[in-house]
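Down below is the structure, laid out as structure tokens.
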Amino acid sequence: MTTFIVMLGPPGVGKGTQAKILSEKTGLAHISSGDLFRENLKNETELGKLAQTYMTKGELVPDDVTVAMIKDRLTRPDCQAGAVLDGFPRTPAQAQALDVMLKDFNGQVDVVPFITAGEDVLIERLGGRWTCRVNGAHVFNEKTNPPKVPGKCDFDGAELYQRDDDKPETVKNRIKVYFEQTSPLISYYRERGKLVEVDGTQPIDRVTNDLMGALKK
Ligand code: AMP
């Protein structure tokens, strides 16, 4: 049996933080489309160069490119039991492509936690976000989740940096793009009986509790 969890919610709501925790608790692979693009960017691959032109503006990378990247990632052995998908799908076309892809795994999207928070909270969180240079899943926040040593990752001691697309102008566009292109997925998954809404303004451990509760159902 496989389990595929799709983390849905606006940028800055805590999808990445929670996806990492869920992946550790369940043993499922954590797949972050944003991290995959950033890895490609760092390694200066063709995909990275293409993605960068969209990422710096806070726009979405075209569906065909994104779908191909995720499809490739899902073929790695760590996905045999399933995965926690973080940042994918982000458009209805990607959601449909995922449904088709998962048939190859005799799987389906099992549950879609939809994490919510108001726009003011998102803007504040993204502005104060610090990401580990070595592992993009290690994310901190100046106010709500500070690292033990300022500027250093708690997990591997690597340097923390502020993502280019966490700048105020880009943040605003990312939120706009979310409402225009990604929010239709709320009804897509609600109609299929997969959606579970979770209040993302709570402390990290409470959000995790709610998510674990949703998975057990
Ligand atoms: P994230 O780390 O999830 O905030 O993603 C960072 C950026 O990567 C986004 O603003 C997009 O430019 C790109 N990206 C990540 N996931 C997707 C996706 N599923 N579809 C299109 N673009 C994506």
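If you average the sequence gap of Cα pairs under 8 Å that are 6 or more apart and divide by the length of the chain, what percent do you get for the contact order?
It comes to 30 percent, rounded to a whole number.
Once label points are set 7 Å from the Cα along Cα→Cβ at both Val134 and Gln202, what is their separation, rounded to one decimal in nm?
Going by the 7 Å Cα→Cβ label model, 3.3 nm.
Counting other C-beta atoms within 10 Å, and keeping those with at most 10, which DSSP coil GluC sites (Glu not before Pro) do you find in the stretch 35-111?
Counting only loop positions with at most 10 other Cβ atoms within 10 Å, the GluC sites (Glu not before Pro) in the stretch 35-111 are Glu44.
Only bridges with both residues in the chain count here: give the DSSP antiparallel percent, nearest 5.
Approximately 30 percent, going by the DSSP bridge assignments.
If you roll a 1.4 Å probe over the heavy atoms of the protein chains, what accessible area per residue do you get for the stretch 1-52, in Å²?
42 Å²
Given an 8 Å cut-off on Cα distances and at least 6 residues of separation, report the relative contact order of the stretch 63-140 as a percent.
Relative CO of the stretch 63-140 lands at 18 percent.
Under the rule of -39500 (n - 2.57) per DSSP H run of 4 or more residues, summed and divided by the residues of the chain, what mean residue ellipticity at 222 nm is obtained, to the nearest 500 deg cm²/dmol?
-13500 deg cm²/dmol
Give me, ordered by chain and number, the residues 5 or more places off Phe4 or on other chains with an amide H under 5 Å from its own placed amide H.
Here the answer is Ala83, Gln108, Asp110, Val111, since their amide H atoms fall under 5 Å of that of Phe4.
Compute the Cα gyration tensor for the stretch 110-217, then decide on rounded, prolate or oblate, letting a ≥ b ≥ c be the square roots of its eigenvalues: rounded whenever a/c is under 1.5, prolate when a/b is larger than b/c in the other cases, and oblate in all that remain.
Oblate shape, in that a/c is at least 1.5 and b/c is the bigger or equal ratio.
Keeping all protein chains in place, calculate the accessible area per residue for the stretch 71-153 (probe 1.4 angstrom), answer in Å². Please report the intermediate quantities before stating the final value.
On the way: 4160 Å² over 83 residues.
Using a 1.4 Å probe on heavy atoms only, each residue of the stretch 71-153 averages 50 Å².
Which cysteines does the chain leave without a neighbouring Cys Cβ under 4.7 Å?
Cysteines of the chain left without a disulfide-compatible partner: Cys79.
With a 1.4 Å probe and every protein chain kept in, tell me what percent of the accessible surface of the chain is carbon plus sulfur.
With neighbouring chains kept in place, the figure for the chain is 51 percent.
Go ahead and collect, in residue order, the members of the stretch 55-91 whose backbone nitrogen is under 14 Å from a label point 7 Å along the Cα-Cβ direction of Asn173.
55-62
Given H placed 1.01 Å from N in the peptide plane, which residues other than close sequence neighbours of Val198 have an amide H under 5 Å from its amide H?
Close amide H contacts, sequence-distant or interchain: Phe114, Ile115, Thr116.
Return the lysines within reach of Lys217: Cα separation strictly under 23 angstrom, same-chain partners fewer than 8 residues apart disregarded; answer none if there are no such residues.
Answer for Lys217, where 23 Å is the Cα cut-off: Lys15, Lys20, Lys25, Lys103, Lys194, listed by chain and number.
Rounded, prolate or oblate: which fits the chain when a ≥ b ≥ c are the square roots of the eigenvalues of the alpha-carbon gyration tensor, with rounded for a/c under 1.5 and prolate only if a/b beats b/c?
The shape class here is rounded.
So, by mean Cβ neighbours within 10 angstrom, what's the order for 74-81, 9-16 with the highest one leading?
9-16, 74-81
The values are calculated or read from the model by the stated rules, or taken from the named source; none is laboratory data. This is a predicted model, so every value here is computed, not measured. Note that each Cβ is placed from the backbone with ideal geometry, even for glycine, and that neighbours are counted across all protein chains shown. All accessible areas refer to the heavy atoms of the entire protein, side chains included, with ligands and DNA or RNA removed. Shrake-Rupley method; radii C 1.70, N 1.55, O 1.52, S 1.80 Å.
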